[in-house]
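Engineer: My questions will all concern the structure given below.
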Amino acid sequence: MTDIPSPGQTAPADTRAATVHIPASPAQRALPLHRLLSQVWANDDGLWGQITAVSHTTLGLRFMATAFVFFAIGGILSMLIRAQLATPDGAFLDTELYNQIFTMHGSIMMFLFAIPMLEGLGIWLLPKMLGTRDMAFPRLTALGYWCYLFGGLIMLTALLFGVAPHDGWFMYTPLSSAEFSPGINADVWLLGVTFVEISAVAAAVEITVTILRQRAPGMRLMEMPLFAWYMLGTSAMMLVGFPPLIAGSVLLEIERAFDWPFFDPARGGDPLLWQHLFWLFGHPEVYIIFLPAAGVMSMMIPVLCRTTILGYGAIVAAILALVFLSFGLWVHHMFTVGIPHMALAFFSAASVLVAVPTAVQVFAWIGTMWKGHPQLHLPMYHILGFFLTFVMGGLTGVMLAIVPFNWQAHDTAFVTAHLHYVLIGGFVFPMMAAATYWMPLMTGKRRIKGLGEAAFWVILIGFHGTFFIMHLTGLMGMPRRIDVYPDNPEWIWLNLTSSIFSFVLTIGFALYALDLILQATLGKRESRDPWGAPTLDWAMPIPSPNYNFASLPTARHLGRDAGDIIVPLARGEGMLPGAPRGRREILVTSVGDATPDHVAMLPGNTALPLVLSSAICVFVLLMLASLYALAGLALLPVAALIWVWVRGMAPQGAMTPVEAAPGLHLPIHHRATTTLGQSGLMAFLVANGTLFSSLLFGLAFLSVVTPGPAAPPSAVSAAQVLPAFALLAAALVLALGAMGWRRAGAAWAGTALNLAALGAVLWLAVQLENPTAHTRDALRAVLTGYIGLHVLVAAGMSAFVADQYRRGEISPEVPGAWPSCNLWQRYTTAVTLITLAVVIAQGVIT
Amino acid sequence: MKWLGAVLIGPSLWFAVFLGVYGLHGLICGQWGAVDTGGRAALIAAWGLGIAAFLPVLRLLPAAPEHSIDLPRAGLWIGLGATVFTLFPVTITSSCG
Ligand code: HEM
Ligand SMILES: [Cu+2]
């Protein structure tokens with residue numbers, strides 16, 4: 001796994017003791033264990049089984065397969081682009097359609113291929129690698145999948161009907177505002193992408209919690225496989241990177257739908273705000289895509305070179321640095337306006353700095369290959385393809401970073417070429433390597449020799465043929481995003497050649513897909529642990545069963561060849577062997593040292609995720625159809641379904657402690673202090689807090705930086721709103737106080753106080769000035785809505801707790817939903833007080 | 001969890017110093033419209049203070065158990081390097097333009 005000596009030798013005895021000496025469970029016969037586990041963990045039969053599946057194995061594979069289909073669709077669109085550009089007058093697409101096609105190509109590749117692909121990989125692989133049986137929130141996995149699918153389908157349907165977005169994948173305003181994009185094209189992008197992002201945030205929450213709380217006992221953070229570190233970095237970045245984009249999309253959609261001016265300079269808005277919010281997401285996005293790819297490289301290279309990874313600690317430090325520094329690039333946007341010199345100097349410094357951790361990783365990989373004995377298996381081909389392509393992309397990136405050169409190459413085909421060297425080199429090649437590497441675990445089959453290698457060469461030649469030449473066309477001045485070039489005959493030959501190679505590239509991808517399909521269908525049975533890997537993902541039967549491990553690995557099983565521990569684990573010698581209680585049980589461990597904490601029971605198969613995402617889909621479609629009143633109504637079933645969802649977590653069955661290993665009795669999660677659900681809520685609040693900060697950033701930006709016309713004087717005096725402010729603040733603080741008390745009465749009081757607070761919010765809402773008049777009022781209206789929503793949820797949660805008391809589900813040992821309710825109330829109170837302070841300050845200053 | 005928190009100290013400190021120094025810069029520009037000698041001195045002082053803030057933390061941080069990788073300390077060095085590197089522009093180009 002790593003160059004850290006195996007456990008037991010290194011760790012200080014005290015932290016180790018608890019985990020190393022977990023006694024082995026007695027060996028059982030493997031087959032009955034397998035039968036029992038299959039019964040409990042398997043999907044339902046047939047098509048219905050696909051609808052109700054919540055298993056990470058099923059859904060991870062389905063995420064990846066769906067992403068691959070979108071990759072193919074994006075690829076077909078790129079073929080249309082290249083066909084159009086092959087000749088100067090490119091007769092067959094008109095400009096409007098061409099714009100739709102390149103916008104959709106970019107958006108599909110970024111939002112419907114790359115991100116879901118890495119989510120799918122994480123969901124499928126992480127539980128296996130960490131030694132657990134599923135992700136922390138299986139129903140959420142399924143919900144994320146359906147949201148992704150529906151969002152993607154909405155965007156595709158729009159393309160078929162010729163109303164797809166056409167403003168480029170970053171949707172700059174004012175191009176994308178109602179005035180310049182009157183049709184529903186832009187709405188499709190905004191709503192579709194936001195819909196898909198629900199699934200990204202859901203996946204990020206899950207991945208974070210799974211990595212922090214579900215590692216095999218004794219697998220301390222600094223000993224977990226590097227892929228988990230990379231995914232932890234990725235999910236952290238997703239938690240803070242996506243909310244600004246969601247905030248931006250929501251604001252733009254509100255502007256388009258209700259004419260609230262956030263980006264309209266005539267009324268105090270600023271088109272720059274969109275760019276800020278978009279790039280607040282856009283900078284980390286590149287690393288969000290790159291980190292998981294680097295993660296699989298760090299797993300495969302040592303195994304394929306028969307050695308251990310060089311510089312584990314340095315790589316972890318590099319990940320830490322990358323995550324933070326890419327947010328440094330993020331922050332510079334707050335300073336770009338007004339102080340461009342400073343910002344530019346800083347930007348260059350930060351860009352150079354980011355190169356350091358990237359280089360550390362590349363050197364670690366090269367060093368690993370150097371000290372080992374590289375074997376030229378198929379995944380290795382793609383890894384070498386990565387090195388060649390990514391390094392070239394890095395070099396052209398350096399060229400673009402040089403300011404005068406950038407000025408020349410800005411917005412030419414050179415940029416397109418660079419972009420694809422980085423994205424295909426840095427993401428697609430590693431993913432292709434990963435797919436060939438883990439195929440045996442996915443399918444249980446061995447590949448058919450020859451075809452894969454051929455596909456690789458065709459792809460490599462096709463890729464460099466297409467995109468190397470685009471550097472040249474770019475240098476000759478050909479802009480990106482043009483559909484015809486009748487006056488520039490000198491570009492014809494290069495373009496034609498590039499287009500021909502792009503067809504070679506497509507044939508290569510088709511061969512690659514064919515190879516995987518043949519392997520899955522016609523391949524011979526592969527033996528277990530075919531690569532001789534030292535990680536837990538291979539310490540299971542192939543193809544992997546839904547439950548992954550018949551018994552869960554512990555410190556004793558870590559750092560050893562997977563082949564050596566398959567049998568003991570299959571015979572139930574690890575923890576929580578089998579499924580004797582007929583429930584889906586997993587082990588929850590502590591964040592740092594991974595000591596066993598409690599046993600969590602995961603929900604079984606259910607169609608609820610599909611139903612809930614369908615309800616959300618109805619809402620999105622009504623928004624698209626501009627039926628806003630109906631859309632508001634459509635939120636009622638969503639809320640009801642969420643209630644049903646949460647009810648599904650209610651305690652049922654025996655609550656006695658579980659003997660996880662001989663003599664080791666662990667409480668079940670209803671009696672635990674910090675459950676997975678609470679960890680998940682915390683992760684979600686991090687994302688939510690970033691969303692809130694983005695709104696505040698918008699407010700600060702628009703009121704301090706933007707020069708636009710001043711807001712009209714308020715018709716409402718301070719004396720008129722202060723009572724409502726006071727009521728709101730008092731009700732929330734009191735509700736928070738009441739909750740410390742933990743009785744049925746406290747839950748009822750919390751509900752009543754939150755309802756009073758909701759009344760205060762409504763009272764404020766009716767006093768709001770016309771939000772279409774000026775940005776200030778529009779932003780206040782949005783913040784009011786944000787608070788109102790949170791107070792409403794808080795009321796719902798305390799009512800839920802009250803209902804739990806009524807049902808007798810809460811006792812001194814079983815806290816029920818109290819901790820979550822409390823956490824939410826604290827968050828709500830905090831954001832409300834902050835908002836009130838900001839609005840008061842704004843009133844005082846202006 | 002505590003350990004993970006310790007890992008984040010260094011980069012977070014950088015973030016805070018970063019916001020502080022650039023905020024100060026904005027404030028100076030907003031008040032006086034230019035960075036004069038006094039303003040520059042204030043900026044450099046803030047930068048220096050930020051760097052200095054790392055030193056006690058570096059000393060106070062308990063040593064990692066033997067043989068294990070000291071990520072919290074690495075995080076501090078990353079934060080310190082980033083502070084020095086990303087903020088040195090204040091010393092050379094602190095104009096308001
Ligand atoms: C399958 C092979 C691919 C080919 C032949 C291809 C071709 C192209 C071409 C010719 C353009 C330029 C359109 C224009 O400026 O007029 C483009 C744009 C773009 N491509 Fe690709 N591409 C491929 C794969 C990918 C992948 C895998 C990704 C991302 C993971 C990607 C992301 C993008 C993005 C973001 C744009 C910019 C869209 C915009 O300007 O709004 N492409 N592609
Ligand atoms: Cu930027």
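The values are calculated or read from the model by the stated rules, or taken from the named source; none is laboratory data. This structure is a prediction, so every number in the text was calculated from the model and none was measured. Cβ coordinates were reconstructed from backbone atoms using ideal geometry, including for glycine residues, and neighbour counts include every protein chain displayed. The protein model used for the area step is the full one, side chains on, heavy atoms only, and it has no ligands, DNA or RNA in it. Shrake-Rupley method; radii C 1.70, N 1.55, O 1.52, S 1.80 Å.
Engineer: Tell me whether region A:712-842 comes out rounded, prolate or oblate; compute the Cα gyration tensor, take square roots of the eigenvalues as a ≥ b ≥ c, and use a/c under 1.5 as the rounded threshold. Please report the intermediate quantities before stating the final value.
Structural biologist: Values: a/c = 2.88, a/b = 2.69, b/c = 1.07.
Prolate.
Engineer: In Å², rounded to the nearest 100, what is the total accessible surface buried by chains B and A against each other with a 1.4 Å probe?
Structural biologist: 2700
Engineer: Under the definition of Cα pairs under 8 Å and six or more residues apart, what whole-number percent is the relative contact order of chain A?
Structural biologist: Working: 1374 pairs, mean separation 152.9, N = 846.
Worked out over chain A, it gives 18 percent.
Engineer: If each Cα of region A:18-522 is one equal point scatterer, what is log10 of I(q)/I(0) from the Debye formula at q = 0.07, 0.08, 0.09, 0.12 Å⁻¹?
Structural biologist: At q = 0.07, 0.08, 0.09, 0.12 Å⁻¹ the computed log10 ratios are -0.39, -0.52, -0.66, -1.21.
Engineer: With every protein chain present, what is the per residue accessible area of the protein assembly as shown (1.4 Å probe, Å²)? Before the final figure, lay out the partial values.
Structural biologist: Numbers: 35460 Å² over 943 residues.
For the protein assembly as shown, the per-residue accessible area is 38 Å².
Engineer: Quick one: which residues, 5 or more positions from residue A:668 or on another chain, have an amide H under 5 Å from its amide H? H modelled 1.01 Å from N in the peptide plane, none for Pro or chain starts.
Structural biologist: Hits under the 5 Å cutoff: A:599, A:658.
Engineer: What is region A:712-842's relative contact order, in percent, from Cα pairs under 8 angstrom and six or more apart in sequence?
Structural biologist: Working: 131 pairs, mean separation 37.1, N = 131.
Once normalised by length, the contact order is 28 percent.
Engineer: Can you list the residues of region A:303-327 that have at least 50 square angstrom less accessible area with all protein chains present than in their chain by itself, probe 1.4 Å?
Structural biologist: Those residues are A:320, A:324.
Engineer: Over what distance in Å are the Cα centres of region B:1-59 and region A:657-707 separated?
Structural biologist: Between the Cα centres of region B:1-59 and region A:657-707 lies a distance of 28 Å.
Engineer: Given a 1.4 Å probe and the protein chains all in place, what does the accessible area of residue A:45 round to, in Å² to the nearest 10?
Structural biologist: 140
Engineer: For n ≥ 4 DSSP H runs only, could you compute -39500 (n - 2.57) per run for the protein assembly as shown, divide by its residues and tell me the 222 nm figure to the nearest 500?
Structural biologist: On the way: 30 runs with 628 residues, N = 943.
Rounded to the nearest 500, the figure is -23000 deg cm²/dmol.
Engineer: Counting only residues 5 or more places away or on other chains, whose amide H sits under 5 Å from the amide H of residue A:412 once H atoms are built in the peptide plane?
Structural biologist: Residues meeting the criterion, in which the H sits 1.01 Å from N, are A:480.
Engineer: What does the charge add up to near residue A:291, with Lys and Arg as +1, Asp and Glu as -1, over the other residues with Cβ less than 13 Å from its Cβ? Each step should come with its number before you reach the end.
Structural biologist: Details: positive: none; negative: A:119, A:285.
Surrounding charge for residue A:291 is -2.
Engineer: How much of the accessible area of chain A, probe 1.4 Å, is carbon plus sulfur, in whole percent? Before the final figure, lay out the partial values.
Structural biologist: Numbers: 21920 of 30550 Å².
Here carbon and sulfur together make up 72 percent of the probe-accessible area.
Engineer: If you don't mind, another one. Where does the charge balance sit around residue A:242 when Lys and Arg score +1, Asp and Glu -1, over other residues with C-beta under 13 Å from its C-beta? Don't skip to the answer; put the middle values down first.
Structural biologist: Details: positive: none; negative: A:119, A:197, A:285.
Net charge around residue A:242: -3.
Engineer: So what's the net charge close to residue A:771: Lys and Arg +1, Asp and Glu -1, counting the other residues with Cβ under 13 Å from its Cβ? Provide the component values of the computation, followed by the final result.
Structural biologist: Working: positive: A:267, A:776, A:780; negative: A:255, A:259, A:264, A:769, A:777.
Net charge in that neighbourhood comes out at -2.
Engineer: Sticking with this structure for a sec: Treating only the Cβ of Lys, Arg, Asp and Glu as charged (+1, +1, -1, -1), what charge dipole size does chain A show about its Cα centre? Round to the nearest 20 debye.
Structural biologist: So the dipole magnitude of chain A works out to roughly 2420 debye.
Engineer: With all protein chains present and a 1.4 Å probe, how do A:148, A:287 order by accessible area, largest first?
Structural biologist: Working: A:148 0, A:287 40 Å².
Final ranking, largest accessible area leading: A:287, A:148.
Engineer: Now a separate question. Output the relative contact order of region A:18-522, whole-number percent, from Cα pairs under 8 angstrom with separation of 6+ residues.
Structural biologist: Details: 700 pairs, mean separation 74.4, N = 505.
Here the relative contact order equals 15 percent.
Engineer: Find which of B:71, A:725, A:782 sits farthest along the positive direction of the dipole of the protein assembly as shown, computed with +1 on the beta-carbon of Lys and Arg, -1 on that of Asp and Glu, about the Cα centre.
Structural biologist: The residue sitting farthest along the positive end of the dipole is B:71.
Engineer: Relative to the longest principal axis of the C-alpha atoms of chain B, give the angle of the C-alpha long axis of helix B:71-87, reported between 0 and 90° and rounded to the nearest 10°.
Structural biologist: The angle comes out at about 10 degrees.
Engineer: What whole-number volume per residue, in cubic angstrom, does the convex hull of the C-alpha atoms of the protein assembly as shown give?
Structural biologist: Values: hull volume 158.0 nm³, N = 943.
Given the Cα convex hull of the protein assembly as shown, per-residue volume reads 167 Å³.
Engineer: While we're looking at this one, here's another question. Could you name the lysines whose alpha carbon sits less than 21 Å from that of residue A:445, not counting residues in the same chain fewer than 8 places away?
Structural biologist: A:128, A:524
Engineer: Using amide H atoms built in the peptide plane, which far-off residues or other-chain residues are under 5 Å from residue A:584 H to H?
Structural biologist: So residue A:584 has HN proximity to A:602.
Engineer: Let me ask something else. Which order do you get for A:279, A:365 if you rank them by accessible area with a 1.4 Å probe, largest at the top? Don't skip to the answer; put the middle values down first.
Structural biologist: Numbers: A:279 60, A:365 0 Å².
The residues order as A:279, A:365, largest area first.
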